Amino acid sequence: MAEAKKKCRQYSIDYLKFGFIPSLLDKRLPICLLCNRVLNNYAMKPSKLEENLRRFHPDKIDKDLTYFKTLKENLPKRITCAVCSLQHQKETMMICRCLTISHESQLIAKQENLILSGKS
């Protein structure tokens, strides 16, 4: 017997009115322009995309197609900002770790001095 083929939906430009574009990594998956959430291929049905808009972004239901086109055009800028923000967070965490290690080493040095001064 032949194996059943798995149906794979293709992106349609009409999905933009629900705030979705094809994922940058896998064109078979929809990505929400509002929250950057990637859905599975099963969700690439107009009814599922509309349900996502109503459920998670009810304030955007009345937005017209031009609103979503603008979001789509600004996506590269938003991605760049997100990457910069993530990099800044990593640098901040590294600085905090260094300060913590420095503070801990100072405490250890003080304890050693107290121990050494107590023995003499």
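Coordinate-derived values only; no laboratory data. Nothing here was measured: the structure is a model prediction, and the numbers come from that model. Cβ placement follows ideal geometry from the backbone for every residue including glycine, while neighbour counts extend to all protein chains displayed.
Residue-wise HN-Hα couplings along the range 19-32, as the Karplus relation 6.51 cos²θ - 1.76 cosθ + 1.60 with θ = phi - 60° gives them from phi, are x, 10, 10, x, 4, 5, 8, 9, 5, 7, 10, x, 10, 7 Hz; Gly and Pro carry x. Loop-located GluC sites (Glu not before Pro) in the range 1-72 (DSSP state not H, G, I, E or B) with no more than 11 neighbouring Cβ atoms inside 10 Å: Glu3.
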